[in-house]
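Chemist: Would you mind keeping the following structure in view while I ask a few things?
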Amino acid sequence: MNTPLWTPSTERISHSNLTRFTERVNDAHGTGLRDYDALYDWSIREPATFWAMMWRFAEIRASRVYEAVLEDPRMPGAQWFRGARLNFAENLLRYRDEQTALIGVDERDGSPQRLTYAELYAQVAQLARFLKGQGVGIGDRVAGFMPNRIATVVAMLATTSLGALWSSCSPDFGFRGVMDRFGQIEPKVLIASDGYFYGGKSFDTRERIARVADEIGAIRCVVVVPYVYAQPDITGIRSALLWDDALDNPAEDIEFAQLPFDHPLYIMYSSGTTGVPKCIVHGAGGTLIQHAKELLLHTDLKREDVIFYFTTCGWMMWNWLVSSLTVGATVVLFDGSPGHPDMTILWRLAQDLGITVFGTSPKFISGCEKSGIHPSRGFDLSRLRTVLSTGSPLSEENFAWIYREVGTDIQLASISGGTDIISCFMLGCPTAPVYAGEIQKRGLGMQVEAWDDDGRALIGEKGELVCAAPFPSMPVAFWNDPDNEKYLDAYFRRYPGVWHHGDYIEITPRGGVIVYGRSDATLNPGGVRIGTADIYRQVEAIDEIIDSLVVGRPVDNDVEIVLFVVLRADVTLDDEFVKRIKALIRDNTTPRHVPRRVLALSDIPRTISGKKVELAVLNILQGKEVKNKDALANPHILDEVAAIARTLD
């Protein structure tokens, strides 16, 4: 599409953080940069100068200034900001005034809980003193088995203020899923909610907490946060106390541990659908400066903004969202189902809290469209200026629905990156137009390219997503990977010295990016590579189909495309409907895209963070075992897939 869906006004461009940053670069270096593309090219040519300017623009707080920005610029192995000493939590707690820092809302009644920046600092100080008394210090681990609530943010900040590492997973993980993660990192303290709410139901997690505490001998104490119960009985949990008791001390100040730029901050986890999850360690400085860049420049976040992202604490978008505190914005935390009691709940939240930046996913947008809601008619969304979306590629229909049903003067920023980098490779640009089906731009300082099999960069053609130069938010290590073998296997075997991410993308001539899905889930019928997103775009346009998943099943030295669909309750997958699906795909793509089989499921298997698990389904179709079903939100669906697999010839 050559006609933009949205173009920023002259006023919006002139008042953006990105424009201010570009002006500072021009003033400092005489560069004469006139637009985003020129700024991007400069950031790639002069990475050390760019990141130094970003440090100053974000006003990174450090007790010792860096001696060099970038040394030994190779991957992996580049050293960033040598000599600097800083603390991640101190940067997020730079504001200590009466502006609202956090608003917590859950699906039960929607009544918001608010915490000012001053109150947040005070609670972090109290919990930090408690953790220090439990022997938590530099390099120790504290784990959170928590829903998306204010206490989770307090716990993370208290942990990282001491130089300890924070790691979390959402409370809907089963016991084995928790052990596969926390069992590897052996936390000294476990902070856990007594349960959670989802879809109008409450779930008690105390039995799982007790089992985890018994299984992991390194855990010295368990702090239980009341949520489902006002006064939960915790006598069955070893070394447990309640949240209020942990905060019951007179601490007023925080002694922030001053640490190197690459000191470990977070331990994140791969999806774990093909084995035990990999433990990905991210550094404090890299996470801080990358998030500051993306929030300030690409999201245009300011102190007066109210930012929301629908996420769990086990997904990197939670970490990204919470970094908004460094800007001084108000962060909205929602816990519960985005569809309970109906698909309007989050739009009502946007109205009631005056949300200006609204983060969601293609699945939610498609769900809203199929449910027939009209947010701009039913709610006052006048403060909303940006909608962010990630988790999978946004279809052109998703773009059209936002501008038709939410608002015409909104920046719709599809963003894409991942847990591996705790940030984005490509994302929004508040000074550039939005085109249907495209991510606006590649991230500043990120040399993102689409490569063919021979390592040649492509424009206007599909290729492998690579990052050809180092960037600060690369993992500092994998946990328990002393020889870096897991790390190298994950990103650097395909193209030595170049980050290979495993996505299939196209960089357009105007600098946008189209994402076609995972390259390891690429379909190869007749030896021709096809991205799964090509098929998803067509299927998602069919009103009777709620959700879908497509894989390429090896058969007789070829690949047959198998499409699984979830239908509306009043729809039957008969021969005529299958023909219509195939005809739509054929007419809008190519004959090679047409699935050999179209099969119905009651749901699409997904990870707890909401990602479709094509590889797990493909493994079942090939008769292979899926080892780690606890990583899935709905593992029972794989039994349906297995039953279908037994019927295939």
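The values are calculated or read from the model by the stated rules, or taken from the named source; none is laboratory data. What you see is a predicted model, and the numbers here were worked out from it, not measured in a lab. Don't worry about glycine lacking a Cβ; one is built from the backbone with ideal geometry, like all the others, and counts go over all protein chains shown.
Chemist: Working only within segment 154-164, note down all residues that are touching a strand residue (DSSP E or B) at 6+ places or on another chain (Cβ under 6 Å) and buried (at least 24 other Cβ atoms within 10 Å of the Cβ). Break it down stepwise before answering.
Modeler: From segment 154-164, those touching a strand residue (DSSP E or B) at 6+ places or on another chain (Cβ under 6 Å) are 155-156, 159-160, 163-164; that's our starting set.
If the condition is that a residue be touching a strand residue (DSSP E or B) at 6+ places or on another chain (Cβ under 6 Å) and buried (at least 24 other Cβ atoms within 10 Å of the Cβ), then A155, M156, T159, T160, A164 are the ones that fit.
Chemist: Oh, and also: In segment 10-32, which residues are surrounded by 10 or more Cβ atoms within 10 Å (Cβ to Cβ) and either assigned to a loop (DSSP other than H, G, I, E, B) or of a type in the set (K, R) (or both)?
Modeler: Answer for segment 10-32, where residues must be surrounded by 10 or more Cβ atoms within 10 Å (Cβ to Cβ) and either assigned to a loop (DSSP other than H, G, I, E, B) or of a type in the set (K, R) (or both): R12, H15, S16, R20, R24, T31.
Chemist: To continue, here is another question. Tell me which strands (runs of 3 or more DSSP E) are completely within segment 494-607 and hold 1 or more residues being within 22 Å of A450 (Cα to Cα), or say none if there are none. Don't jump to the end; show me each part of the working.
Modeler: Details: elements: 499-507, 513-518, 545-555, 558-567, 597-600.
Ranges flagged: 499-507, 513-518.
Chemist: Another question, if that's okay. Please find, within segment 464-493, the residue that is modelled with the lowest pLDDT out of those that are part of a strand (DSSP E or B) and closer than 20 Å to G391 by Cα. Working first, answer last.
Modeler: As a first pass, look at segment 464-493 and keep what is part of a strand (DSSP E or B): 464-467, 477-478.
Now narrow it down to the ones that are closer than 20 Å to G391 by Cα: 464-467.
On the way: E464: 93, L465: 96, V466: 97, C467: 98.
Once the filter is applied, the top-ranked residue is E464.
Chemist: Still on this model: How do the strands (runs of 3 or more DSSP E) wholly within segment 348-460 filter down when requiring 2 or more residues that are among the hydrophobic types (A, V, I, L, M, F, W, C): which remain?
Modeler: On the way: elements: 357-360, 386-389, 411-414, 416-418, 423-427, 448-451.
Per the criteria, 357-360, 386-389, 411-414, 423-427, 448-451.
Chemist: Given the criterion in contact with a helix residue (DSSP H, G or I) (Cβ under 9 Å, 6 or more places away or on another chain), assigned to a strand (DSSP E or B) and either over 29 Å from G200 (Cβ atoms) or not assigned by TED's automatic domain parsing to the domain that holds R82 (or both), identify the matching residue among I280, I307, I237. First the steps, then the outcome.
Modeler: Working: I307 fails: either over 29 Å from G200 (Cβ atoms) or not assigned by TED's automatic domain parsing to the domain that holds R82 (or both); I237 fails: assigned to a strand (DSSP E or B).
Selected residue: I280, the only one of I280, I307, I237 that is in contact with a helix residue (DSSP H, G or I) (Cβ under 9 Å, 6 or more places away or on another chain), assigned to a strand (DSSP E or B) and either over 29 Å from G200 (Cβ atoms) or not assigned by TED's automatic domain parsing to the domain that holds R82 (or both).
Chemist: A further question follows. Which one of the conditions (1) more than 23 Å from I267 (Cα to Cα); (2) in a strand (DSSP E or B) does A192 fail to meet, given that it meets all the rest?
Modeler: Against the list (1) more than 23 Å from I267 (Cα to Cα); (2) in a strand (DSSP E or B), A192 comes up short only on (1).
Chemist: Same structure, new question: For segment 387-436, enumerate the residues that are charged (D, E, K, R), at pLDDT below 95 and touching an Asp or Glu at 6+ places or on another chain (Cβ under 9 Å).
Modeler: E397 - this is the single residue of segment 387-436 that is charged (D, E, K, R), at pLDDT below 95 and touching an Asp or Glu at 6+ places or on another chain (Cβ under 9 Å).
Chemist: While we're on this one: Among W499, W451, W479, which is the only one that is farther than 29 Å from D534 by Cβ and in contact (Cβ under 8 Å) with a residue 24 or more places away in the chain?
Modeler: Values: W499 fails: farther than 29 Å from D534 by Cβ; W451 fails: farther than 29 Å from D534 by Cβ.
The conditions single out W479.
Chemist: May I ask you to list pairs of residues, at least six apart or on different chains, whose Cβ atoms are under 7 Å apart, with the first in segment 632-649 being assigned to a loop (DSSP other than H, G, I, E, B) and the second being surrounded by 16 or more Cβ atoms within 10 Å (Cβ to Cβ) and β-branched (V, I, T)?
Modeler: Taking only residues 6 or more apart or on different chains, the pairs are A633/T607; A633/I608.
Chemist: Separate question: Hey, Q351 hits all of (1) free of Cβ contacts under 8 Å to residues at least 60 places away in the same chain; (2) in contact with a strand residue (DSSP E or B) (Cβ under 7 Å, 6 or more places away or on another chain); (3) closer than 22 Å to L115 by Cβ but one; which does it fall short on?
Modeler: Answer for Q351: the failing condition is (2).
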